[in-house]
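Worksheet: one structure, shown below.
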Amino acid sequence: NHRQAYAVSKEAGPQTSAESWGTGRAGARIPRVRGGGSHRSGQGAYGNMCRSGRMFAPTKTWRKWHRRANRKMRRYAICSAVAASALPALLMARGHKVDKVSGVPCVIEE
């Protein structure tokens, strides 16, 4: 349970100065980029339905990444993992190179 938290930037999307044109112009009331002289001016901004706008419900780093498991369940999982490591087919399915290993599980002890 060591997932790395990820999120989108807080500034992603509303990085332009945009203002709605209001009603009466036969267009949606979404904020539009100001100015002229470029393709970007007049395009919709900020909204999640707009190109280069923010996403709906931006991902946050304080999401619930880990779940607590009971001690008995964790011990059972460890035992199952050790037992599964004795099967070369399962190890190869995970991508481990066990062709040249003399025997599995490979136990190293001090």
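The values are calculated or read from the model by the stated rules, or taken from the named source; none is laboratory data. Keep in mind the model is a prediction, meaning the values are calculated, not measured. So basically every Cβ, Gly included, is an ideal-geometry build from the backbone, and we count neighbours across all protein chains shown. What goes into the accessible areas is simple: the full protein's heavy atoms, side chains included, and nothing from ligands, DNA or RNA. Shrake-Rupley method; radii C 1.70, N 1.55, O 1.52, S 1.80 Å.
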Residue that is least open to solvent (accessible area, probe 1.4 Å) [pool: residues in segment 43-52 that are of a type outside the set (A, V, I, L, M, F, W, C) and in a loop (DSSP other than H, G, I, E, B)]: G47
Residues located in segment 60-110, provided they are of a type in the set (A, V, I, L, M), assigned to a loop (DSSP other than H, G, I, E, B) and within 30 Å of the chain's Cα centre (by Cα): A69
Set R40, R3: member being within 30 Å of W65 (Cβ to Cβ) and part of a loop (DSSP other than H, G, I, E, B): R3
V33 surrounded by 12 or more Cβ atoms within 10 Å (Cβ to Cβ), of a type in the set (A, V, I, L, M, F, W, C) and in contact (Cβ under 8 Å) with a residue 12 or more places away in the chain: yes
How about segment 53-77: which of its residues are surrounded by 15 or more Cβ atoms within 10 Å (Cβ to Cβ) and of a type outside the set (D, E, K, R)? G53
Look through V104, V82 and report the one residue that is surrounded by 10 or more Cβ atoms within 10 Å (Cβ to Cβ), among the aliphatic types (A, V, I, L, M), at pLDDT below 90 and in contact with a Leu (Cβ under 8 Å, 6 or more places away or on another chain). V104
